[in-house]
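The values are calculated or read from the model by the stated rules, or taken from the named source; none is laboratory data. Here the structure is a predicted model, which means the values were calculated and not measured. Virtual Cβ from ideal backbone geometry, glycine too; neighbours counted across all protein chains shown.
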Amino acid sequence: MSPSANPGEPHRELLPTATGRQVRATLAELMRGRRLLAVRAFGLLVGSTAVGLLTAPVLGRIVDLVVDGRPASAITGPALLLGLIALVQGASLAFGLSLVARLGEGMLAQLRERFIDRVLDLPLEQVERAGSGDLTARVTGDVTVIAEAVRNALPQLARSLLTIGLTLVGLAVLDWRFMLAALLAVPVQLHTVRWYARHATPLYASQRVALGVQQQQLLDTVAGAGTVRAFRLTEPHLERVAGRSSAAVDLTLRGIRLMTRFFGRLNIAEFIGLSAVLVTGFLLVRADAVSVGTASAAALYFHNLFGPLNAALSLVDDAQSAAASLVRLVGVTRLPAARREEDRPVPVDGTIEAKDLRHAYTPGHDVLHDVTISVAANERVALVGASGAGKTTLAKLIAGIHQANGGTIRLGGVPIDDLGAAVAGRTVALISQEVHVFAGPLAEDLRLAGPDATDDELLAALDRVGALGWVRALPDGLGTVVGDGGHRLTSAQAQQLALARLTLAAPPVAILDEATAEAGSAGARLLETAAARALDGRTGLVVAHRLTQAVSADRIIVLDAGRVAETGTHDELVAAGGRYAALWAAWAGTRQNGSTPERGSQRGAGPVTGGQ
Ligand SMILES: Nc1ncnc2c1ncn2[C@@H]1O[C@H](COP(=O)(O)OP(=O)(O)OP(=O)(O)O)[C@@H](O)[C@H]1O
């Protein structure tokens, strides 16, 4: 875990990065099952490079023919051979490169799947501690960098290295002294690459961290824009964004300067090598050891090395970036795997047992204190309390969205942590006020909850929550495109869709948080009926913002400042004359005064939440 990049800023526990050994082990695992593909790809690249190397000697032969004063017709054969070489080389190279790309893409896809698998298993708390910017930067930036490398750098690098190796062999075949001359460039190149790698590795690593921190700052500022404006924090926030952006820009500029110096040094190496080969050629021709054509072929070979050498060396740059990104992706994929789904215990029913739950969003500020509740299978319980009493927090803990800081939660007798994301998702569903309508045909939106549901089943689910009428009236019925860019649904309709999804998913436990709070009174009654029908046959925990929701519940749990204050049926609690009775009296009073209790009661403005 690395600390925050900027001293003086709040400490962030970034997601883990992998060690070199872990990266190698992961690559070896990804390679398994792809060996044949790798061998075929490599074989084709070697073949195409070897064929390509025939060009220089054939050109040398043409030079010799010209020097010997042979007629033009003598050149026809070598010229045709050049054409053939180009064809064979081009075809085998294209095929080989496509295999290399397929190899790389396959490995990357598998790595990405593993990464997403682990990310979905990560506790929300860990992501929050790291900041969503860190995760976003890994999912977007790092994956893109590696994908680019796999598509371009990896095939090019493989091809360049092969060309370099085989060209040196070709030089040695012409005359070993040519190869020695060419190798004079190598010490300068090696020194250059080591110098570059020494500077580039830390630079790229800090560049990636700086970009992650910058993204996090942007997300924080945008997400909290309302608060930033309300407290007139615009200037300091802009300064912070500017500071983080300029840190990222500075690092990028340093990278560009480094690259310029890198290529400058490589040019010196080329100059040394080519001069040496030309001087050697001159001396050997003068001593009659080789023909002019052979010396020309040697010079061509060395000249042909420039491209692949520069490509390989400059690809060191992409390789460095890709390596820096790879350690960040692999770091997440090596996190302990979640237990396999088939090994997990299965809840036996829809009971909820929460014991001694404690939770704090910021250390030291508990918003739930030793909350113990239990809900029987198929029971309908209403959670009532003032705004900020902790109802949503309790709902989210039971739904497994947040992890409690203390205490235990069992669903159907199984501790929630043992369920794993998939089983927990099938066991408990939470519908909050901010229901999302996914962009696309309405049927697809519903099938998120029941992928195998037939159209008739979808219509039955809609009918159950009273949505069939308006869905039938839509221009294309179930096929109507809804969500962003499509047919806009009212918030009550979106709630009904969420309830229909709930009946399709049919989890044994359902939690409704403010599911009907947005609607006006007529709409609210409609939604309450819909909610009751969606909860039928399963355990229901309803965060009640209007007391009508509590009255019809089997039992009511009253929360007060993060503690359970009372529990009982509506009649029992009214008779007990405690906190609920007071809320009820205030509620009934508001109704008699003729105001709209459904609306007045929301978010601390009315009687239910008015006890604060
Ligand atoms: N993400 C969060 N980060 C920090 N504090 C939070 C967060 N969510 C809730 N809180 C705080 O936790 C306490 C309980 O909030 P919670 O939303 O659970 O109460 P609630 O009873 O559902 O209130 P409401 O009726 O207004 O929805 C409040 O003091 C709230 O400010």
* Asked: Would you call Arg208 among the basic types (Lys, Arg), more than 30 Å from the chain's Cα centre (by Cα) and crowded, with 20+ Cβ neighbours inside 10 Å?
  -> no
* To do: Quick one: which residue in Ala494, Ala515 is at pLDDT below 90 and part of a helix (DSSP H, G or I)?
  => Ala494
* Structure fact -> Going through the range 151-175 in order, the residues found to be free of Cβ contacts under 8 Å to residues at least 60 places away in the same chain and closer than 30 Å to Leu15 by Cα are Arg151, Leu154
* Asked: Looking at the range 384-422, which of its residues are β-branched (Val, Ile, Thr), surrounded by fewer than 23 Cβ atoms within 10 Å (Cβ to Cβ), under 16 Å from Ala510 (Cα atoms) and more than 8 Å from the ligand (Cβ to nearest atom)?
  -> Ile401
* Val371: touching a Phe, Trp or Tyr at 6+ places or on another chain (Cβ under 9 Å) and not acidic (Asp, Glu), yes or no? -> no
* Say we look at the range 572-590 and pick out the residues that are more than 13 Å from the ligand (Cβ to nearest atom) and within 48 Å of the chain's Cα centre (by Cα); which of these is farthest from Ala531 (Cα to Cα)? -> Arg579
* **Residues (of a type in the set (Val, Ile, Thr) and touching a residue at least 40 places away in the same chain (Cβ under 8 Å)) located in the range 430-467** => Ile431, Val435, Val437, Val465
* Asked: Among the residues of the range 343-363, is there at least one that is within 16 Å of the ligand (Cβ to nearest atom), buried (at least 22 other Cβ atoms within 10 Å of the Cβ) and polar (S, T, N, Q)?
  -> no
* **Positions within the range 364-383 being without any contact (Cβ under 8 Å) to a residue 60 or more places away in the chain and within 14 Å of the ligand (Cβ to nearest atom), in sequence order** => Gly364, His365
* Write out, first by first residue and then by second, each pair whose Cβ atoms fall under 8 Å of each other, whose residues are 6+ apart or on separate chains, and whose first residue, in the range 395-408, is under 19 Å from Val423 (Cβ atoms) and touching a residue at least 12 places away in the same chain (Cβ under 8 Å) while the second is within 12 Å of the ligand (Cβ to nearest atom) and among the basic types (Lys, Arg). => His402/Lys396
* Asked: Is there a residue being within 20 Å of Ala295 (Cα to Cα), in contact (Cβ under 8 Å) with a residue 40 or more places away in the chain and in contact with a Phe, Trp or Tyr (Cβ under 8 Å, 6 or more places away or on another chain) anywhere in the range 46-53?
  -> yes
* To do: From Leu258, Leu278, Leu233, grab the single residue that is touching a His at 6+ places or on another chain (Cβ under 8 Å) and assigned by TED's automatic domain parsing to the domain that holds Gly307.
  => Leu258
* To do: Collect the residues in the range 241-271 that are crowded, with 16+ Cβ neighbours inside 10 Å and closer than 21 Å to Leu190 by Cβ, keeping them in residue-number order.
  => Leu258, Phe262, Arg265, Leu266, Ala269, Glu270
